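Single-structure report; data block below.
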Amino acid sequence: MANYFTHISFKLAVTREEAEQFVSVIASAASIEDGNGPLLTPEIEKAFNTDSQSAEQNFCEIMDDLIFGIECIFNETSSTLTIFDSDGAPNLSALGQCLQCLYPEKLPLGFVYADTCDKARADGFGGGYFVITGDTISQQTLAQMLSNDLTALAETSGVS
């Protein structure tokens, strides 16, 4: 049996207060994982509140698989938040949605991820990226990019 992993690590320029908001998201996600429900600060409630759902409902919907798998470290000197996976299985969709809710003034932004495997498997290696705007979150995988490029080359060269 093979073990599959996804890894991320990227930096985001933030203030100390913005970094603390992301730390609060991680703590709320951990509280859900522990079965206690989210512990939303007023700032997080404001960021996750929508016209159709309460902040708690929206947050719980985003964290639908109950595992966030994300950690962060704030560097006071450079005012950057390094966001990274904690266990090789981060919830990338939830991360994108959290960044979209928390930091609308920083959009668009994006991050890359790597997929690995502890055994030689054709589908075990790759990765991709996420692009986050105010309206959308899009994901592209390396496999999709390769397929698109090969298709485009075949069309221009007449080879199939």
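Across ASP85, ASP51, ASP115, mean-square fluctuation computed from a Gaussian network of the chain (C-alpha pairs under 10 Å connected) peaks at ASP51. Counting every other Cβ atom within 10 Å of each residue's Cβ, GLU18, GLU43 order from fewest to most as GLU43, GLU18. Listed by Cβ neighbour count within 10 Å, with the fewest neighbours leading, CYS60, CYS101 appear as CYS60, CYS101.
Among THR50, THR156, the order by Cβ neighbours within 10 angstrom, fewest to most, reads THR156, THR50.
With Cα atoms defining each centre, segment 11-89 and segment 100-151 are spaced 20 Å apart in the structure. Amide H to amide H, with H built 1.01 Å from N, PHE111 comes under 5 Å of PHE130, counting only residues 5 or more places away or on other chains.
Along segment 8-24 the Karplus relation, 6.51 cos²θ - 1.76 cosθ + 1.60 evaluated at θ = phi - 60°, assigns HN-Hα couplings of 9, 6, 8, 10, 9, 6, 9, 7, 4, 4, 5, 5, 4, 4, 5, 4, 5 Hz to successive residues, with x for each Gly and Pro.
Please work out which option in [x] 8, 25, 26, 22, 15, 3, 0; [y] 12, 44, 35, 9, 0; [z] 10, 34, 32, 16, 6, 2 gives P(r) over Cα pairs in 10 Å bins from 0, in percent calculated from these coordinates, and answer with its label. Read-out from the structure maps to [z]. What shape does segment 101-160 take by its C-alpha gyration tensor, where a ≥ b ≥ c are the square roots of the eigenvalues and a/c under 1.5 counts as rounded, a/b above b/c as prolate, and the rest as oblate? Cα axes put segment 101-160 in the oblate bin. Largest GNM mean-square fluctuation among PRO90, PRO104, PRO38, using the chain with Cα springs under 10 Å: PRO104.
Karplus-based coupling profile of segment 85-93, in residue order and whole Hz: 6, 9, 8, x, 9, x, 8, 5, 4, with θ = phi - 60° in 6.51 cos²θ - 1.76 cosθ + 1.60 and x standing for Gly or Pro. Using only side-chain charges placed at the Cβ, +1 for Lys and Arg and -1 for Asp and Glu, the dipole size of the chain relative to its Cα centre rounds to 460 debye.
Around the amide H of SER86, modelled in the peptide plane, lie the amide H atoms of ILE70, GLU71, all under 5 Å away and 5 or more residues distant in sequence or on another chain. Dividing the summed helix terms, -39500 (n - 2.57) for each DSSP H run of n ≥ 4, by the number of residues in the chain produces a 222 nm estimate of -11500 deg cm²/dmol to the nearest 500.
No value in this document is a laboratory result; all are computed from the given coordinates. Note that the structure is a prediction, hence the values are computed from the model and not measured. Because the Cβ atoms are built from the backbone with ideal geometry, glycine has one as well, and the counts that use them run over all protein chains shown.
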